[in-house]
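Colleague: One structure is given below, represented as structure tokens, and several questions about it will come after.
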Amino acid sequence: MKRLSVIKNSIKMIFIFLIGLVLSFLFDYLGFNEANIILVFTLSVLLTAQFTDFFIYSFISSLIVVPCFNFFFIEPRYSFNVYDADYLITFFIMLMVTLMASILTNRIKRIAAVAKVRENRMKFLYESNKHLLLVQGQEPIVNESVKNLARILKRDVAISRCDENHQLLPLQNYSYSLKEEASLFLKSLSTEEMAKVISSDHDGLDPNLQIYYYPILGKNDTLGVIAISLINKDKLDENEMTLLQSLSTQIAFALERERLYEQHKQANLEAERERLRGNLLRSISHDLKTPLTSILGSTSTLIQNNHIITEEIRLELLNNIYDETTWLQRSIENILSMTKIDEGRLELDKHPELLEELITEAVTRIQRFHPQVKIVVDIEEEMVFLNVDAVLIETVLVNLLDNAVHFSKENPVITVRAYPVGKDVCFQVIDEGRGISEEDLPFIFDRFYTKGQGGVSHKKGIGLGLTICKSIVQAHHGTITVFNNVLNGCTFEFLIPMDYENGALSSV
């Protein structure tokens, strides 16, 4: 490579010199003054300095042009003898001028080259920073960074970031060369060497594997390691090291920005959970106190007046205790379900379930508590299977049915309807209550929202049942809505995919 460069620059120097010599002969033939010939030789030295890569070529050119001028254009020609002593001063000044011109030209070239390098470096850094600002998430940041580094350094690059426990995560790599060496480079990465870089916060070189490791240093700790392949290439030069340092700083800033964002987001979630817990306690304290007071009163009456109360009153008090206990049980189940949802612990145990069995189980549970309620089940004769969590879907149906019971007239008729709609199954719970006001419809599934529940029942819910229904339906990738009927009452409708996982209809 160096030999080719020497030959190339030598040819340039000789070609420029020959052009200048030919032009000087032309000027001499035309009778131009010697000063013009001197300027031509000086110009050839300047052009040599401009178009060759090293100072040595312009220096040699400066040493050649003076004796050539003497040999070809000073009397006696074709001889190095000089009859006029004044020419010695001319030769000396000519030599000094050409040397100074070549030195200044090369210096300007170096300054221009450094400026070009700095311009490219700033351009690379600007583009890299612009891309990193648009990327969100630590994995995408590392993925974008490894591509930028590979393109800028023109080498195969891999990056492994650290988790909060300073453990290395899987590598993100990018091959610039797309050659076999890239795969060898990735296979030979030493986790131990990378761990040493993290613990020491200093770069490292593996001369056997020709891999250079550089740490991504954050404000307080090491965020990861950059591995750069040196296979078939020299070590990183000064400009590449400067780029690497600047880019690693950008990567560190981007990763720390994401960490701070995630910590801030987590802190906000914790604060929101605490706020919801406080709201939950405040919301349910009064609602739970009312049935407990009623149970305590009924129990106290039975204990203190058991010998004088009639059988009819005793049965009424026991029914009251039963009703209030049932309501408390349902409320506590909803509270526990809401807690699981808030903490992200709502897990689906999906299995193929027969549609008819899901509805029958929910209806049986409601009629066990409300035997006076007439529930009409409208299901198509076709057997339909759903890939769902049976317990959770039954919870949705029980909550909707219980809601319909409490906000309907005495001895209501409630209709449960289910039928396939494309790849989904549509469930409808239709009641005969007074419906929901238009202003309350948009908020009916909001947590703790009870304004629209001023129905026939003597006590309100705690505003969690419908919220839980919505969360369960959405966990099954379904949708739930509510609308008022034409005559009276309202309809809660939700759609559940028959088989979300493979998109196939599970009907027989």
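Colleague: If you check SER58, SER79, SER44, which single one turns out to be among the small types (Gly, Ala, Ser), modelled with pLDDT under 85 and under 25 Å from LEU4 (Cα atoms)?
Modeller: SER58
Colleague: Still on this model: Is it fair to say GLY455 is farther than 29 Å from VAL388 by Cα and at pLDDT below 80?
Modeller: In short, yes.
Colleague: Something else: For residues that are of a type in the set (Gly, Ala, Ser) and part of a helix (DSSP H, G or I), scanning just segment 1-44, find the one that is surrounded by the most Cβ atoms within 10 Å (Cβ to Cβ).
Modeller: SER44
Colleague: Same structure again: Can MET100 be described as under 26 Å from ALA49 (Cβ atoms), over 20 Å from the mean Cα position of the chain (by Cα) and not basic (Lys, Arg)?
Modeller: On the way: under 26 Å from ALA49 (Cβ atoms): yes; over 20 Å from the mean Cα position of the chain (by Cα): yes; not basic (Lys, Arg): yes.
It is true that MET100 is under 26 Å from ALA49 (Cβ atoms), over 20 Å from the mean Cα position of the chain (by Cα) and not basic (Lys, Arg).
Colleague: Can I ask one more? Among residues belonging to segment 297-347 that are modelled with pLDDT of 80 or more and either closer than 22 Å to GLU274 by Cα or not in a helix (DSSP H, G or I) (or both), point out the one that is farthest from the chain's Cα centre (by Cα).
Modeller: Filtering segment 297-347 for residues that are modelled with pLDDT of 80 or more and either closer than 22 Å to GLU274 by Cα or not in a helix (DSSP H, G or I) (or both), the one farthest from the chain's Cα centre (by Cα) comes out as ILE308.
Colleague: Can you tell me how many residues within segment 83-115 are of a type in the set (D, E, K, R) and farther than 23 Å from TYR57 by Cα?
Modeller: Number satisfying all stated conditions: 2.
Colleague: Say whether the condition of being at pLDDT below 80 and assigned to a helix (DSSP H, G or I) is met by at least one residue in segment 244-265.
Modeller: Looking for residues that are at pLDDT below 80 and assigned to a helix (DSSP H, G or I), one finds none in segment 244-265, hence no.
Colleague: Output yes when any residue across segment 390-398 is part of a strand (DSSP E or B), modelled with pLDDT of 80 or more and in contact with a strand residue (DSSP E or B) (Cβ under 9 Å, 6 or more places away or on another chain), and no when none is.
Modeller: No.
Colleague: Right, something else. Which of the residues spanning segment 150-168 are in contact (Cβ under 8 Å) with a residue 40 or more places away in the chain and in contact with a strand residue (DSSP E or B) (Cβ under 6 Å, 6 or more places away or on another chain)?
Modeller: Residues satisfying the conditions are ARG155, ASP156, VAL157, ALA158, ILE159, SER160, ARG161, CYS162, LEU168.
Colleague: With the structure loaded, tell me whether LEU47 is buried (at least 17 other Cβ atoms within 10 Å of the Cβ), outside the structural domain of ILE152 (by TED's automatic domain parsing), without any contact (Cβ under 8 Å) to a residue 40 or more places away in the chain and within 60 Å of the chain's Cα centre (by Cα) or whether it fails that test.
Modeller: It is true that LEU47 is buried (at least 17 other Cβ atoms within 10 Å of the Cβ), outside the structural domain of ILE152 (by TED's automatic domain parsing), without any contact (Cβ under 8 Å) to a residue 40 or more places away in the chain and within 60 Å of the chain's Cα centre (by Cα).
Colleague: Residues in segment 75-89: is at least one outside the structural domain of ASN239 (by TED's automatic domain parsing), in a helix (DSSP H, G or I) and either among the β-branched types (Val, Ile, Thr) or in contact with an Asp or Glu (Cβ under 9 Å, 6 or more places away or on another chain) (or both)?
Modeller: yes
Colleague: Just a yes or no: is a residue in segment 100-120 surrounded by 11 or more Cβ atoms within 10 Å (Cβ to Cβ), in contact with a strand residue (DSSP E or B) (Cβ under 7 Å, 6 or more places away or on another chain) and either at pLDDT 80 or above or not assigned by TED's automatic domain parsing to the domain that holds ASP237 (or both)?
Modeller: no
Colleague: Looking at segment 348-385 only, could you name the residues that are in contact (Cβ under 8 Å) with a residue 40 or more places away in the chain, in a loop (DSSP other than H, G, I, E, B) and over 20 Å from VAL425 (Cα atoms)?
Modeller: Listed by number, the list holds a single entry, VAL373.
The values are calculated or read from the model by the stated rules, or taken from the named source; none is laboratory data. Just so you know, these numbers come straight off a predicted model, no measurement behind them. Note that we place each Cβ from the backbone using ideal geometry, even for glycine, and neighbour counts take in every protein chain shown.
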